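Trainee: So that we are looking at the same thing, I have put the structure below in structure tokens.
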Amino acid sequence: MFETDPAASSRITPPRGHFFADPFLLTHAGSKFLFFEDYDHDLGKGMVAFMQQRSDGTWTPAQTVLERDYHLSYPCVFADGGEVYMVPETSANHTIELYRAVGFPHRWELDSVLMRDVKAADTTLHHARDGRWCMFTSLAPDAASYYGPLHLFWAASPRGPWTPHRANPISTDGLRTRSAGALFQRDGTLYRPSQDCSAQYGQAVIMNRVDELSEASYRETPVDRMTAATVDGALRVHTFNCDQDLEVRDALRFTPRSNWRAAWRRRWEGRR
């Protein structure tokens with residue numbers, strides 16, 4: 001499932017003093033857009049940036065589209081009812097926030113706050129076959145923890161209100177408690193990517209086959225594992241997204257020109 005053809009792959013490298021992470025794909029008006037976290041070491045926080053794919057397959061330079069006083073990451077973008085929405089991770093603000101594009105792709109406004117007084121990591125929304133929306137999110141049990149067990153919620157629309165699944169928490173192990181990208185269909189089967197954080201943050205991506213997603217039950221089976229070996233020179237990998245044409249993933253790697261090795265290690269091992 002994670003076979004990579006180097007000849008068909010390209011690498012996006014952040015500028016000095018930054019790193020890019022959590023890439024999400026969206027096709028809008030016939031063009032492909034890539035939204036991701038742009039972490040600025042000088043500012044000590046992440047912002048949401050985007051790139052647009054050109055006709056030759058290359059990407060435009062990164063442009064910041066959403067910045068707050070607090071850290072932003074994991075921009076889960078999706079379309080619904082002719083509108084484009086984004087749920088970035090805002091755990092630093094103890095909220096789950098829904099943004100709506102009011103001038104896609106550059107301008108976004110806060111549409112609603114889905115949850116307050118929570119430390120929620122890697123919140124991922126999915127439109128289920130029965131028409132309802134589901135939210136997967138890792139909820140920290142206390143202020144000292146960054147993340148915790150995986151919880152599932154149901155709603156009639158992305159704005160909520162959100163109802164906890166009766167089986168919560170649906171996962172408590174380090175292989176599946178944190179989402180690693182949007183759910184997707186392949187050959188008629190639904191998959192949910194999750195982060196393997198069993199040994200260290202961002203170690204690998206686990207692909208879970210969704211066996212049952214209903215109001216009464218949630219079941220999934222791990223069927224594949226994507227390691228850093230799928231990206232040349234990478235040490236860790238922790239996000240995977242795809243559409244019918246492209247697959248995107250992030251990877252931690254150091255280059256000889258970088259003076260940020262210690263900062264990167266602190267960021268990857270301590271931020272989540």
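Please treat every number below as a calculation from the coordinates, not as lab data. Just so you know, these numbers come straight off a predicted model, no measurement behind them. Heads up, the Cβs are rebuilt from the backbone with ideal geometry, glycines too, and the neighbour counts pull from every protein chain shown.
Trainee: So how much slack lies between residue 244 and residue 110, counting 0.36 nm per residue of separation and subtracting their Cα-Cα distance, in nm? Mind showing how you got there, number by number?
Mentor: Numbers: separation 134, 0.36 × 134 = 48.24 nm, distance 2.96 nm.
So the chain would gain 45.3 nm between residue 244 and residue 110.
Trainee: Grab the Cα-Cα distance for residue 166 and residue 27, subtract it from 0.36 nm times how many residues apart they are, and report the gain in nm with one decimal.
Mentor: Numbers: separation 139, 0.36 × 139 = 50.04 nm, distance 3.39 nm.
Fully extending the segment from residue 166 to residue 27 adds 46.6 nm.
Trainee: Would you mind computing the Rg to Rh ratio of the stretch 81-206 from its alpha-carbon coordinates, Kirkwood style for Rh? Could you put the intermediate results ahead of the total?
Mentor: Working: Rg = 14.7 Å, Rh = 15.3 Å.
Reported Rg/Rh (Cα atoms, Kirkwood Rh): 0.96.
Trainee: If I model a spin label as a point 7 Å beyond the Cα along the Cα-Cβ vector, how far apart are those points for residue 146 and residue 43 in nm?
Mentor: Here the modelled spin labels are 1.9 nm apart.
Trainee: Which chymotrypsin sites (Phe, Trp or Tyr not before Pro) does the stretch 7-92 hold that lie in a coil by DSSP with at most 16 other beta carbons within 10 Å?
Mentor: When the chymotrypsin sites (Phe, Trp or Tyr not before Pro) of the stretch 7-92 are filtered for loop state and at most 16 Cβ neighbours within 10 Å, 70 remain.
Trainee: Calculate one ³J(HN,Hα) per residue across the stretch 104-110 by plugging θ = phi - 60° into the Karplus curve 6.51 cos²θ - 1.76 cosθ + 1.60, and present them in order as whole Hz with x for glycine and proline.
Mentor: So the Karplus estimates, Gly and Pro as x, are 4, x, 8, 10, 9, 10, 5 Hz.
Trainee: With no solvent and one point on each alpha carbon, what is the Debye value of log10 I(q)/I(0) for the stretch 1-133 at q = 0.15, 0.18 Å⁻¹?
Mentor: Log-scaled intensity ratios, in q order: -0.78, -1.08.
Trainee: Let me ask something else about it. Mean-square fluctuation check for the chain, GNM, Cα pairs under 10 Å: which of 243, 173, 80 is largest?
Mentor: Result for the chain, Cα springs under 10 Å: 80 fluctuates most.
Trainee: Working only with C-alpha atoms, what are the Rg and Dmax values of the stretch 126-190, expressed in angstrom?
Mentor: 12.9, 41
Trainee: Less than 18 Å from a label point 7 Å out along the Cα-to-Cβ axis of residue 68: which backbone N atoms in the stretch 156-192 qualify, by residue?
Mentor: Backbone N within reach: 158-160, 162.
Trainee: Another one. Pick out which of 179, 112, 171 has the largest mean-square fluctuation in a Gaussian network model of the chain, springs linking Cα atoms closer than 10 Å.
Mentor: Highest fluctuation of the listed residues: 112.
Trainee: Here is a further query. For the chain, take the alpha-carbon Rg, divide it by the Kirkwood Rh, and send me Rg/Rh. If you can, show how the numbers build up before the last one.
Mentor: Details: Rg = 17.5 Å, Rh = 18.8 Å.
My calculation of the ratio gives 0.93.
Trainee: Which FRET efficiency, nearest 0.05, do residue 8 and residue 200 yield, Cβ-Cβ r, R0 35 Å? Walk me through the intermediate numbers first.
Mentor: Values: r = 30 Å, r/R0 = 0.85.
Working from the Cβ atoms, E equals 0.75.
Trainee: Under a GNM of the chain (C-alpha, springs under 10 Å), which listed residue has the highest mean-square fluctuation: 174, 46, 188?
Mentor: Answer for the Gaussian network model of the chain: 188.
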